[in-house]
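Trainee: Let me begin by handing over the structure; questions about it come next.
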Amino acid sequence: MADTAPELQRALLADFEFEIYGRGLAGELPRLPVSTEGLQERAREVLSAEAYGYVAGGAGAERTMHANIEAFERRKIVPRMLRDVSARELSTTVLGTPMAAPVMLAPVGVQSIIHAEAELASARAAGALGVPFIFSTAASRSIEQVAEAMGQAHRWYQLYWPNDRELAVSFLARAEQASYEAVVVTLDTWLLGWRPRDLQHAYLPFLKGEGVANYFSDPVFRAALARTPEEDPAAAIGHWTQQFANPSVTWADLPWLREQTKLPILLKGILDPDDARRALDAGVDGLIVSNHGGRQVDGAIGALDALAPVRAAVGSELPVLFDSGIRTGADVFKAVALGANAVCLGRPFAWGLALGGQAGVEQVLRCLLAEFDLTLSLSGCTSAEELTAEALAAAGR
């Protein structure tokens, strides 16, 4: 796939702050909040209570969500002085996929409950800024629709491994045909976690026909139905419930998956070093350290606390990405310093999508990238490759 780096990538990403200040001279303020907290507060005003709770909520008492944020708060950056940081290079490449900075959009499903254009808007925003898009199986638009919207922009496909292996093969084949460049297999959602906010509203959007576009458009899925999803949506949703949950998958199934696709395979949800070593032995192409944003297991380890041990377990060569808790450019800095090749941004871009569609996602990304660029330079670094744990204070410092 051709590199479609826009002009933005050839300038310093931090220049976005002066763009904002410059517009302020003409009395123009940012249309959307600049901070993640402000975005979330404003999104709560425009979304239904059910949709807001679905995006904002986590498992149980949401202690894992808090652990994710607290793990970032414990790490402190140690800026270094009198270094020439006038020229900086933030771009990187992971598994052959170039990106403007070590940032991707995480696979967030059911985006139609957030904005009418759903994944089409967020995918276009990602492509416009050189940020690869990870497209969820649980999407409101199909594999092919999102690929068409992105054109030559870079994208990966996230697989929720269904019960029917023929359906899994079909999903993978469709992703390959539509020029997705890697497969991200989510390991921590074989069953849905206990989510009190959703339960209080008795709200699961899939049962209302949201987030099932990839299933309803799939020839294998449709062939298993007596009538089409358009003719009998209730029966199609019933069949979806039999496909989504698949808790019988084990390490022994990975060789079969490897045989089904030529694309690189990453495992998402790794938190334990032993699991990381086992994945390495299984020959996967990369890992994503993640606890699903705290949505699956209450009281679990903060994802950032797992990052350095996982990196140590697999060595320096295997690509390791990070997900769960990224809110600011400083968070990107910390995760990369602890061993991540790139990070995946989730909830913040969802709030931007809710408030402004594609333009809202673009603003969220430009703010994050500008802050990362500034944090990097003000800490005495000129590229993400320079970042190591030495950029952070030692425990107790």
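The values are calculated or read from the model by the stated rules, or taken from the named source; none is laboratory data. Small disclaimer: the values here were computed from a predicted structure and weren't measured. Neighbour counts are summed over all protein chains in view; Cβ atoms, including those assigned to glycine, are modelled from backbone coordinates with ideal geometry. Heads up: the accessible areas ignore ligands, DNA and RNA and are worked out on the full protein's heavy atoms, side chains in. Shrake-Rupley method; radii C 1.70, N 1.55, O 1.52, S 1.80 Å.
Trainee: Identify the residue in the range 171-192 that is of a type in the set (Gly, Ala, Ser) and surrounded by 20 or more Cβ atoms within 10 Å (Cβ to Cβ) and, among all such residues, is nearest to residue 113 (Cα to Cα). Lay out the reasoning, then the answer.
Mentor: First, pick out the residues of the range 171-192 that are of a type in the set (Gly, Ala, Ser): 173, 175, 178-179, 182.
Keeping just the survivors that are surrounded by 20 or more Cβ atoms within 10 Å (Cβ to Cβ) gives 175, 182.
Values: 175: 24, 182: 26 Å.
Among residues in the range 171-192 that are of a type in the set (Gly, Ala, Ser) and surrounded by 20 or more Cβ atoms within 10 Å (Cβ to Cβ), the one nearest to residue 113 (Cα to Cα) is 175.
Trainee: For a quick check of your reading: which helices (runs of 4 or more DSSP H) sit entirely within the range 108-181 and have at least 2 residues that are over 24 Å from residue 359 (Cβ atoms)? Before you say what the answer is, go through the steps one by one.
Mentor: Values: elements: 118-128, 143-150, 165-177.
Because the criterion is at least 2 residues that are over 24 Å from residue 359 (Cβ atoms), the helices (runs of 4 or more DSSP H) in the range 108-181 that meet it are 143-150, 165-177.
Trainee: Still on this model: Kindly establish whether residue 112 is buried (at least 24 other Cβ atoms within 10 Å of the Cβ) and among the polar types (S, T, N, Q).
Mentor: Numbers: buried (at least 24 other Cβ atoms within 10 Å of the Cβ): no; among the polar types (S, T, N, Q): yes.
Here the answer is no, as residue 112 does not meet what is asked.
Trainee: Can I ask one more? Only residues in the range 68-88 that are within 21 Å of residue 297 (Cα to Cα) count as the first member; pair them with residues that are of a type in the set (S, T, N, Q), Cβ under 9 angstrom, at least 6 apart or cross-chain, and list the lot.
Mentor: Cβ pairs passing all conditions: 68/291; 68/324; 72/328.
Trainee: May I ask you to list the residues in the range 80-99 that are more than 22 Å from residue 143 (Cβ to Cβ), in a loop (DSSP other than H, G, I, E, B) and touching a Pro at 6+ places or on another chain (Cβ under 8 Å)? Break it down stepwise before answering.
Mentor: Quick first cut of the range 80-99, residues more than 22 Å from residue 143 (Cβ to Cβ) only: 80-93.
If we keep only those that are in a loop (DSSP other than H, G, I, E, B) as well, we get 80-88, 90-91.
Selection gives 90, 91.
Trainee: Looking at (1) in contact with a strand residue (DSSP E or B) (Cβ under 8 Å, 6 or more places away or on another chain); (2) basic (Lys, Arg); (3) open to solvent by 30 Å² or more (accessible area, probe 1.4 Å), which is the one condition that is false for residue 141?
Mentor: With (1) in contact with a strand residue (DSSP E or B) (Cβ under 8 Å, 6 or more places away or on another chain); (2) basic (Lys, Arg); (3) open to solvent by 30 Å² or more (accessible area, probe 1.4 Å) applied to residue 141, the lone miss is (1).
Trainee: Same structure, new question: Could you list, in sequence order, the residues of the range 22-51 that are in contact (Cβ under 8 Å) with a residue 12 or more places away in the chain and surrounded by fewer than 11 Cβ atoms within 10 Å (Cβ to Cβ)?
Mentor: Selection gives 31 alone.
Trainee: Taking interchain pairs and intrachain pairs at least six residues apart, which have beta carbon atoms under 8 angstrom, with the first residue in the range 256-276 and free of Cβ contacts under 8 Å to residues at least 40 places away in the same chain and the second open to solvent by less than 20 Å² (accessible area, probe 1.4 Å) and of a type in the set (S, T, N, Q)?
Mentor: 271/290; 271/291
Trainee: Let me ask you something else. Taking residue 110 as the residue in question, decide whether it is in contact with a strand residue (DSSP E or B) (Cβ under 7 Å, 6 or more places away or on another chain), touching a residue at least 12 places away in the same chain (Cβ under 8 Å) and hydrophobic (A, V, I, L, M, F, W, C).
Mentor: Working: in contact with a strand residue (DSSP E or B) (Cβ under 7 Å, 6 or more places away or on another chain): no; touching a residue at least 12 places away in the same chain (Cβ under 8 Å): yes; hydrophobic (A, V, I, L, M, F, W, C): yes.
No: the conditions fail for residue 110.
Trainee: Note down all Cβ pairs under 6 Å where the first residue falls in the range 176-194 and is among the small types (Gly, Ala, Ser), the second is open to solvent by 30 Å² or more (accessible area, probe 1.4 Å) and not in a loop (DSSP other than H, G, I, E, B), and they're at least six residues apart or on different chains.
Mentor: Going by the 6 Å Cβ cut-off, the qualifying pairs are 178/144.
Trainee: Scan the range 72-107 for residues that are crowded, with 16+ Cβ neighbours inside 10 Å and of a type in the set (D, E, K, R) and jot them down.
Mentor: 75, 88 - these are the residues of the range 72-107 that are crowded, with 16+ Cβ neighbours inside 10 Å and of a type in the set (D, E, K, R).
Trainee: On to the next question. Count, please, the residues in the range 144-154 that happen to be open to solvent by less than 10 Å² (accessible area, probe 1.4 Å) and not aliphatic (A, V, I, L, M).
Mentor: Within the range 144-154, residues that are open to solvent by less than 10 Å² (accessible area, probe 1.4 Å) and not aliphatic (A, V, I, L, M) number 0.
Trainee: When you look at residue 199, is it open to solvent by 40 Å² or more (accessible area, probe 1.4 Å), at negative phi and either of a type in the set (A, V, I, L, M, F, W, C) or not in a helix (DSSP H, G or I) (or both), yes or no? Show your work before the answer.
Mentor: Details: open to solvent by 40 Å² or more (accessible area, probe 1.4 Å): yes; at negative phi: yes; either of a type in the set (A, V, I, L, M, F, W, C) or not in a helix (DSSP H, G or I) (or both): yes.
Yes.
Trainee: Could you give me the residue pairs with C-beta distances under 8 Å whose first residue belongs to the range 314-325 and is under 29 Å from residue 348 (Cα atoms), whose second residue is among the charged types (D, E, K, R) and outside any loop (DSSP other than H, G, I, E, B) wherever it lies, and which are 6+ apart or on separate chains?
Mentor: Close Cβ pairs (under 8 Å, with a partner that is among the charged types (D, E, K, R) and outside any loop (DSSP other than H, G, I, E, B)) amount to 320/311; 323/268; 325/331.
Trainee: Do the conditions hold for residue 242, that is, is it open to solvent by 70 Å² or more (accessible area, probe 1.4 Å), closer than 21 Å to residue 113 by Cβ and out of contact with any helix residue (DSSP H, G or I) (no Cβ under 6 Å at 6 or more places or on another chain)?
Mentor: no
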